[in-house]
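The values are calculated or read from the model by the stated rules, or taken from the named source; none is laboratory data. The structure displayed is predicted, hence computed values, not measured ones. Quick reminder, even Gly has a Cβ in these numbers, built from the backbone with ideal geometry, and neighbours come from all protein chains shown. Note: accessible area is taken over every heavy atom of the protein model, side chains too, but ligands, DNA and RNA are not part of it. Shrake-Rupley method; radii C 1.70, N 1.55, O 1.52, S 1.80 Å.
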Amino acid sequence: MSNKFYVTTPIYYVNASPHIGHSYTNIAADTLARYNRNLLGKDNVWFLTGTDEHGQKIKKAADEAELSPIEFVDKVVPQFEDLWNKLEISNNDFIRTTQERHIKCVQKALQIVYEKGDIYEGKYEGWYCTPCETFWPKTQITDNLCPECKRPLENISETNFFFKLSKYQDWLIKYIKDTDKNIERLNYIQPASRRNEVLSFLENNKLDDLCISRPIERLSWGIPLPFSPKHVT
Ligand SMILES: [Zn+2]
């Protein structure tokens with residue numbers, strides 16, 4: 001077994017104030033971190049939490065509050081930090097997706113994947129509700145109406161960037177199944193019931209490539225793609 005332990009919570013979406021569900025998750029992660037610090041020593045444990053501050057819903061919440069997106073998140077994020085202090089959560093770091101260190105890291109990682117040829121430009125087509133600023137999958141709509149506001153949807157097509165997720169489907173199945181050669185991977189996904197669920201999904205469905213961008217004219221509140229200034233992620 002490795003003598004290092006890393007635990008992260010989801011990075012919380014800050015379109016609204018924290019609630020009991022956020023606390024539940026951080027208390028669970030805190031328990032794991034404290035247990036492992038006792039077991040492995042505090043220098044061998046890293047516990048991360050943070051906030052996801054980009055995207056359409058943040059932009060919308062900021063518009064409703066008549067603030068810029070950064071002003072809006074700067075008001076909400078301290079509520080999360082205060083809560084973790086009150087609950088004595090022992091996280092080693094707190095990362096915000098608007099921090100320069102995060103933006104640089106995302107751009108660097110995407111550039112590497114792009115240069116490897118695993119990101120390509122393509123057409124994204126779908127049913128779009130302009131007032132709700134949301135794309136809806138065909139399975140969720142009836143009579144071409146928005147499931148949320150019941151207004152007519154538009155079939156729009158735009159240029160976006162995609163990650164070649166489908167290319168890695170077989171590799172991923174093999175990676176999860178291949179437990180003999182590397183004992184560490186036995187516990188790659190826990191518990192076993194979830195591991196089987198993931199495997200069964202991968203073996204019975206075809207993964208689509210993943211759309212990783214939005215055109216800047218439709219959503220400006222994101223991280224600019226290093227290889228296309230007209231798109232954000
Ligand atoms: Zn709508």
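Things worth noting here:
- Per-q log10 I(q)/I(0), the stretch 1-98, q = 0.18, 0.24, 0.25 Å⁻¹ (Debye; single scatterer per alpha-carbon; no solvent): -0.80, -1.17, -1.24
- Among the protein heavy atoms, those of L39 account for about 100 Å² of accessible surface (1.4 Å probe, every chain in place).
- Positive-end extreme of charge dipole, the stretch 1-98 - chosen from G50, T9, N38 (charges on Cβ): N38
- Kirkwood hydrodynamic radius over Cα pairs of the chain, then Stokes diffusion coefficient at 10 °C and 1.306 mPa s, in µm²/s: 76 µm²/s
- The lysines whose alpha-carbon is closer than 19 Å to the alpha-carbon of K42, local same-chain residues fewer than 8 away aside, are K4.
- Loop-located trypsin sites (Lys or Arg not before Pro) in the stretch 46-140 (DSSP state other than H, G, I, E, B) with a sparse environment of at most 12 neighbouring Cβ atoms within 10 Å: K116.
- Sites listed here are GluC sites (Glu not before Pro) in the stretch 185-233 whose DSSP assignment is loop and whose Cβ has at most 14 other Cβ atoms within 10 Å: E217.
- The stretch between T31 and S166 holds 44.9 nm of extra length on full extension. This uses 0.36 nm per residue minus the Cα-Cα distance.
- Taking the centroid of alpha carbons for each part, the stretch 1-38 and the stretch 193-233 are 24 Å apart.
- The heavy atoms of Y188 offer some 110 square angstrom of accessible surface to a 1.4 angstrom probe.
- Here the gap between S220 and E125, fully extended at 0.36 nm per residue and compared with their Cα-Cα distance, gives a gain of 32.2 nm.
- Computed Kirkwood radius, in angstrom, where 1/r is averaged over Cα pairs of the stretch 49-175: 18.3 Å
- Solvent exposure of the stretch 102-233 as accessible area per residue, Å², 1.4 Å probe: 67 Å²
- Ordered from highest to lowest accessible area with the whole protein assembly present and a 1.4 Å probe, T159, T142, T9 read as T142, T159, T9.
- Sparse packing (at most 15 other Cβ atoms within 10 Å of the Cβ) combined with a DSSP loop state is found for the following GluC sites (Glu not before Pro) in the stretch 89-165: E133, E148.
- Segment S68-D82, length gained on full extension (0.36 nm per residue, minus Cα span): 2.8 nm
- For T51, the residues 5 or more places off, or on other chains, whose built amide H falls under 5 Å of its own are Y12, I95, R96, T97.
- Once the Cβ-Cβ distance of N204 and N144 is raised to the sixth power relative to R0 = 30 Å, the FRET efficiency obtained is 0.50.
- For K177, the aspartates and glutamates whose Cα falls under 12 Å of its own Cα, not counting residues fewer than eight places away in the same chain, are E203.
- Backbone HN-Hα couplings from phi across the stretch 58-71 [Karplus 6.51/-1.76/1.60, Hz, Gly and Pro as x]: 5, 4, 5, 5, 5, 4, 5, 8, 6, 10, 6, x, 5, 5
- Accessible surface comparison of R194, R218, probe 1.4 Å, protein chains only, largest first: the order is R194, R218.
- Three-way shape call for the stretch 109-233 based on the alpha-carbon gyration tensor, with the a/c threshold at 1.5: oblate
- Calculated FRET efficiency for the pair K230/W46, C-beta based, R₀ 30 Å, to 0.05: 0.25
- Eligible lysines near K123 by straight Cα distance, threshold 28 Å, same-chain separation 8 or greater: K57, K59, K60, K104, K108, K138, K150, K164, K167, K206, K230
- Each DSSP beta bridge with both residues in the chain is either parallel or antiparallel, and the antiparallel ones are about 65%.
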